[in-house]
Amino acid sequence: MGANASQLEKEIGSEQFPINEHYFGLVNFGNTCYCNSVLQALYFCRSFREKVLQYKQLQKNQKKETLLTCLADLFFSIATQKKKVGTIAPKKFITRLRKENEQFDNYMQQDAHEFLNYLLNTVADLLQAEKQGTKPKNSSGDSKAKPDPTWVHDIFQGTLTNETRCLNCETVSSKDEDFLDLSVDVEQNTSITHCLIGFSNTETLCAEHKYYCEVCCSKQEAQKRMRVKKLPQILALHLKRFKYMEQLSRYIKVSYRVVFPLELRLFNTSDDACNPERMYDLVAVVVHCGSGPNRGHYISIVKSHGFWLLFDDDIVDKIEASQIEEFYGIPSDMQKNSESGYILFYQSRE
Amino acid sequence: MAAPSEGGSKDELKTHFGTREGTYKLMPLSEYSKPSRVAYNGQTNTPVKVSFVKSNDGNGSATDRICFNVGRELYVYVYKGVKKAVDLTKPIDKRIYKGTLPTCHDFNQHYVTSDSVLLLVGFTAGQVQLIDPIKKEISKLYNEERMIDKTKVTCIKWIPQSPNQFLVSHASGQMYVYNEELPCGLAAPHYQPFKSGEGFSIYTCKTKSTRNPLYRWIVGQGAIHEFAFSPCSVYLAIVSQDGYLRVYNYNSMEVIGTMKSYFGGLLCVSWSPDGRFIVTGGEDDLVTVWSFHERRVVCRGQGHKSWVNVVSFDFYTSCVCDDMGCDFNGSEEDYHSSRHCHTKESVQKNGSDSNRNSLDGNGLNITSYRFGSIGQDTMLCLWDLTEDIIKQSAGRSRTSISTLSNSASCLPRCNSLPNSQKRNSIGNDVSAHAEGNSNANTHQIQNAVMNATNKFATLSVADRKESQEKKEHKRNFSLASRNTDKVNMLKSNHVKPVDDSIKLLGTLSCPRLDEVPILEPLVYKKIAQERLTSLVFREECLVTACQEGLVYTWARPGKGVSFWYT
């Protein structure tokens, strides 16, 4: 551990080492790599980290422990380390997580994407509850009023516009939906750009999926497509690599090779999108290693001050940008086992 | 010939595809690969590249040779084109490397005899090797101790004007000019600044005795992925991971123009046969056509489902004058080796056709450029760039604009053009010339296909123009010395903040999606199980290679027939 840490420091070089930056591995508490990998990715989403650290400053005297205070303590602890590199045990955070959600209260491998969702939603709920002056305890979604956006929403929330055209009366109805991340289907030997275009392809609703048209007052065949109307500050993209196989009655991993560029713009924006040409930079990737959702391992690669780091629980390595291609997936359909990008974090440039 | 039914299931590989000039067919017996045919496991990601050389063996016959790399191996074979491939167990040369893998290679097209060719090979660890695969006598190493550059060689090419010099680009974002005859020295080179400009700087070696490298170019940020010399050999186009296409006058080392991808790195680049256009492909899954003369993006092509690995203009199909067949339009290869293989085509045509052919040679009648692209999506795309597209985007005041998001864009292609309209474009092009728009056109093509029958016609047009402009022409022509171009250059320098590509959006270097036409491919076929890595257009065929190490030959319409009957 110590040897690895000092080696990383040496590799980066004392002059190149960014001021006020810390690269700390996270100890694994028994299959908690799903958690560690997401926490590292979020730590290197700059705006998210800044907001969490601000929260820590503002909430100094708060007694009540929540998942957010535990997260803030963890980030604060990393950010205020004397050493530049090393390891930290996110014990308090894991304990709190297991206490709060029984889904994570075991030693099984969990889905990193589900954890990301849970974490972002929980933090947003806590912040909203605090804003409304109510106790964060009963925040879990029983208030019907349209909640104020929090900084979690400011950072991650985008809007999809869901356009449905009734094939009988040709009426187009559109409905907006907010999202914190987009889950896209993957295809062999494609790019994330193509997967996003696929996400917004027109689908026809027919047979048992017919659409209830308000104009026709009956179920009708319809065409539907979802395009991005508001582009978020940080675009989190979840690649649906776990596919349920009915014959096997379990999930299998889809290791398809899906390339993701360091720079990204969206093609699947709606005509009324406010900033459709937003330029994104890849800042973090949560990588799933192994053959299935309940086995295997999660690691993350992040960009920090112009270079790339690989976080594998308590181990931190510097990698070259050219090594990222190792995490695209596998071009052969035969092999299920892979180290492949699972959640991509793109940060808007402006 | 009974045509087999075109692929049934979605994943089935295509063995032929149709274009307006006819059907291209995969020649199954013309396949080249490792002799063992054991599927290469593709664990390394070095792309399989293909290089060709033709040697004249005297009495009119010629031999083609092919080189390709697969993993750590490099093969050189006699290449039979659409005819049955040679015995794969008998390569001319086979090399297996340890510790470093071949990434790219290039034959010297100048020093070629029937028993000697010069082949440059670049490697993953940065070294460069010069070998004669036939004689096997010489084998020189450059950057052997990796003191010049430690990163992967991404592209290597002999410099067309200087048969002893070659240019090597690296993943470090640097390129080096070597002289084949000079040593690399025992110590790391000391450089001194020679020239610099926005986004690039050039150094020379600071030594008493000349040594390699002669020059070091630092271009943009991140890896240089590919570079290409213009057909006239004067200009150099470079594409980089930073998403920029940069075009230089190679001799004066001045920037002529730049273009930025919509997003992501640009991976490949190719010049049109007349030097009028450059096409790039990249990580935005797009092909982008840039006008050299106007310094602007002409159109983008959307069709690939993943990154575009190789783009290439088809020099043989880039001028289509009737619906029946393709006319020859001169090629770089011909230009350098002074061959006249188009005469073969002329023989097959009737008198009136060959008459028109001479017009084509003047570059006056180009109505359509053909280019191809291959990608990581295992797909081959063919595209037609027609005059109407070029004009449409030039106006910038179009009323109808096709957008990407509703991918229902349907732009007119040249095969839908009525014949009369095509004829008209002769006149249009002449007027374009009169405006001093493309001197390069005339000269380049003149050089490329100059022969006794059309020489005078060509000169009469070109000479008049020259006298109007009163400009010196050193080798072929020099666009950079023209006033208008200087203005353009200043402009483009002005609007080109290298590290802020966002500001470029909406400019001629990177128009918005709805500001230029979107092309759709005229052919879009899955032709391999693995990523495609190489695409070469030849006179009678096109050649593709994929990551698995399989090199396929696709006979052009009518060209595969002879094979079946012999």
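Throughout, read-outs are computed from the coordinates displayed, never taken from laboratory work. All values reported here derive from a predicted model rather than from experimental measurement. Positions of Cβ are backbone-derived with ideal geometry, glycine not excepted, and every protein chain shown enters the neighbour counts.
Descriptive notes on the structure:
- Count Lys and Arg as plus one, Asp and Glu as minus one, and take only other residues whose Cβ is under 9 Å from that of A:Leu8; the net charge is then 0.
- Among A:Ser249, A:Ser291, A:Ser37, the largest mean-square fluctuation in a Gaussian network model of chain A, built with springs joining Cα atoms closer than 10 Å, belongs to A:Ser249.
- Highest mobility in the GNM of chain A, judged by mean-square fluctuation with C-alpha springs under 10 Å and restricted to A:His305, A:His194, A:His22, is found for A:His305.
- Residues whose amide H lies under 5 Å from that of A:Ser270, counting only those 5 or more places away or on a different chain, are A:Val228, A:Lys229; hydrogens are built 1.01 Å from N in the peptide plane.
- Mean separation of Cα contacts under 8 Å, 6 or more apart, over the residue count of region B:187-282: relative contact order %: 19 percent
- Of A:Leu120, A:Leu237, A:Leu282, the one that fluctuates the most in a GNM where chain A has Cα springs shorter than 10 Å: A:Leu120
- 222 nm mean residue ellipticity, helices alone, for chain A (DSSP H n ≥ 4; -39,500 (n - 2.57); rounded to 500): -8000 deg cm²/dmol
- Working from label points 7 Å from Cα in the Cα-to-Cβ sense, the A:Gln7 to A:Arg46 distance is 3.0 nm.
- Region A:1-101 pair-distance distribution - Cα-Cα, 10 Å bins, rounded %: 14, 44, 33, 8, 0
- When the C-alpha to C-alpha distance is required to be over 30 Å, the pairs from A:Lys51/B:Lys503; B:Lys49/B:Lys83; B:Lys54/B:Lys391; A:Lys230/B:Lys260; B:Lys157/B:Lys503; A:Lys303/B:Lys195 that qualify are B:Lys54/B:Lys391; B:Lys157/B:Lys503; A:Lys303/B:Lys195.
- Once the Cα-Cα distance is subtracted from the 0.36 nm per residue extended length, the B:Leu29 to B:Thr89 segment shows a gain of 20.1 nm.
- Listed residue pairs exceeding 20 Å between alpha carbons, taken from B:Lys34/B:Lys90; B:Lys34/B:Lys525; B:Lys98/B:Lys152; A:Lys83/A:Lys318: B:Lys34/B:Lys525
- For B:Lys150, the amide hydrogen comes within under 5 Å of no other amide hydrogen, counting only partners 5 or more places away or on other chains and with H modelled in the peptide plane.
- Cα gyration tensor, region A:180-330 - rounded (a/c under 1.5), prolate or oblate: oblate
- Under 5 Å between amide hydrogens, built in the peptide plane, is the criterion, and for B:Glu254 it picks out B:Asn249 among residues at least 5 positions away or on other chains.
- Simple rule: put +1 on each Lys or Arg Cβ and -1 on each Asp or Glu Cβ in chain A, find the dipole, and look at A:Leu119, A:Leu264, A:Ala222; the Cα lying farthest toward the positive end is A:Leu119.
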